[in-house]
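Below you'll find the structure, written out as structure tokens, and then a few comments.
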Amino acid sequence: MEDEMNPTETISKTGEKKLKHLFAPSRIGKFPTLNRIKYGACCVSNYATRDGFITPRELARMQVVAKIGCGVITNQGAYPDPLGEGKAYFRQIALYDDKFLPQFETIARYFHDAGAVAIQQILHCGRYGGIDLGYCLQPSAVAKR
């Protein structure tokens, strides 16, 4: 009986052969990366609290993300203002005070332990923000010329 490869392994091996440079170790400035694959920030969970803290469930999700093999991983966008004027959705994570830093340090450690460069996205949603408020920021009136 022949050794048969799993179809997923075959695809993976084929991709690695065709795109060797993508899977090769690299650097971003002084930071070494496992490869040139980046996991983009995405806000797919509602596992944070309404006041912007990351829950154990979100930390567990980020542990899974850390293990996917990307050389660079960007964590979901955190709103940077204490009033929430830039907050885009109800359970968006916050990063406007040092009290939030330990949760981000934990996520960065997950990424680093998996060999990835960790990036944190700052996400202020401008006129689409302020979801918990009765108003939102808008551009100033500009006189016509």
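Residue 122 meets all of the listed conditions (1) more than 19 Å from residue 41 (Cα to Cα); (2) open to solvent by 70 Å² or more (accessible area, probe 1.4 Å); (3) of a type in the set (A, V, I, L, M) but one, namely (1).
In the range 39-82, what residues are part of a loop (DSSP other than H, G, I, E, B) and of a type in the set (Asp, Glu)?
51, 81
Hey, among the residues in the range 97-128 that are part of a loop (DSSP other than H, G, I, E, B) and touching a Phe, Trp or Tyr at 6+ places or on another chain (Cβ under 7 Å), which one's farthest from residue 68 (Cα to Cα)? Among those that are part of a loop (DSSP other than H, G, I, E, B) and touching a Phe, Trp or Tyr at 6+ places or on another chain (Cβ under 7 Å), it is 124. Taking the criterion of being surrounded by fewer than 22 Cβ atoms within 10 Å (Cβ to Cβ) and of a type in the set (A, V, I, L, M, F, W, C), the residues of the range 66-93 that qualify are 68, 72, 83, 88, 90. Open to solvent by less than 60 Å² (accessible area, probe 1.4 Å), of a type outside the set (D, E, K, R) and assigned to a loop (DSSP other than H, G, I, E, B), is that true of residue 134? No. Could you list, in sequence order, the residues of the range 13-38 that are out of contact with any helix residue (DSSP H, G or I) (no Cβ under 7 Å at 6 or more places or on another chain) and part of a loop (DSSP other than H, G, I, E, B)? Listed by number, the residues that qualify are 19, 24, 25, 29, 30, 34.
Taking residue 104, is it under 19 Å from the mean Cα position of the chain (by Cα) and at pLDDT 95 or above?
In short, yes.
What are the residues in the range 28-50 that are of a type outside the set (Val, Ile, Thr), within 19 Å of the chain's Cα centre (by Cα) and either farther than 30 Å from residue 130 by Cβ or open to solvent by 80 Å² or more (accessible area, probe 1.4 Å) (or both), if any? Those that are of a type outside the set (Val, Ile, Thr), within 19 Å of the chain's Cα centre (by Cα) and either farther than 30 Å from residue 130 by Cβ or open to solvent by 80 Å² or more (accessible area, probe 1.4 Å) (or both): 31, 32, 34, 35, 36, 38, 46, 50.
The values are calculated or read from the model by the stated rules, or taken from the named source; none is laboratory data. This is a predicted model, so every value here is computed, not measured. With ideal geometry, Cβ positions are generated from the backbone for all residues, glycine too; neighbour counts draw on all protein chains shown. We work out accessible area using only protein heavy atoms, side chains counted, and drop any ligands, DNA or RNA first. Shrake-Rupley method; radii C 1.70, N 1.55, O 1.52, S 1.80 Å.
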